[in-house]
């Protein structure tokens, strides 16, 4: 058996991002603390190098590099965007209703207050948010989408 020169072996294109094995959406890397905070106490996730699937209608919450999945129904509660009734901001319980109230009133008071809280030390996104990341981009996206529905 002859040895193959590594110069001729194509390395996989991998910039640390993975796609959900069920829906193909680009996953968001999460730590084990994030997953553990959304499972019943002491229940192992069974995942390694995990990612959150952000596609709302996909039944997969988390997946790993071996295409193992953790379904949404295994989580201890509902999470945004998998459940549109769940708070967009899990740290402070801020949901669609507050954003829609701001839009109806023609202001941004509630939304601005949330953004200030999200930037404070009281935010605990790594464990509260299913994606392990700040809600700010989701809040801003939801606001803009519903403020100008014709520009979606």
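In the list 123, 119, which residue meets the criterion of being closer than 25 Å to residue 144 by Cβ and modelled with pLDDT of 95 or more?
123
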Legend entry - So residue 53, is it surrounded by 12 or more Cβ atoms within 10 Å (Cβ to Cβ), more than 18 Å from residue 140 (Cβ to Cβ) and touching a residue at least 24 places away in the same chain (Cβ under 8 Å): yes
Legend entry - Of the criteria (1) within 20 Å of residue 32 (Cα to Cα); (2) more than 17 Å from the chain's Cα centre (by Cα), which one residue 90 fails: (2)
Legend entry - Evaluation of residue 91 against (1) part of a helix (DSSP H, G or I); (2) surrounded by 13 or more Cβ atoms within 10 Å (Cβ to Cβ) (one fails), failing number: (1)
Legend entry - Selection status of residue 44, part of a loop (DSSP other than H, G, I, E, B), outside the structural domain of residue 23 (by TED's automatic domain parsing) and surrounded by fewer than 19 Cβ atoms within 10 Å (Cβ to Cβ): no
Inset, instruction - Quick one: which residue in 69, 28 is in contact with a strand residue (DSSP E or B) (Cβ under 6 Å, 6 or more places away or on another chain) and more than 18 Å from residue 128 (Cβ to Cβ)? - result: 69
Inset, instruction - Can you tell me which residue within the stretch 56-66, out of those that are in contact with a strand residue (DSSP E or B) (Cβ under 9 Å, 6 or more places away or on another chain) and at pLDDT 95 or above, is surrounded by the most Cβ atoms within 10 Å (Cβ to Cβ)? - result: 62
Legend entry - Entirely in the stretch 101-152, the helices (runs of 4 or more DSSP H) that have 1 or more residues that are in the same structural domain as residue 88 (by TED's automatic domain parsing) and within 14 Å of the chain's Cα centre (by Cα): 125-128, 136-147
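The values are calculated or read from the model by the stated rules, or taken from the named source; none is laboratory data. Just so it is clear, the structure is predicted and the values come from calculations on it, not from any experiment. All Cβ positions, glycine included, derive from the backbone under ideal geometry; neighbour counts span all protein chains shown.
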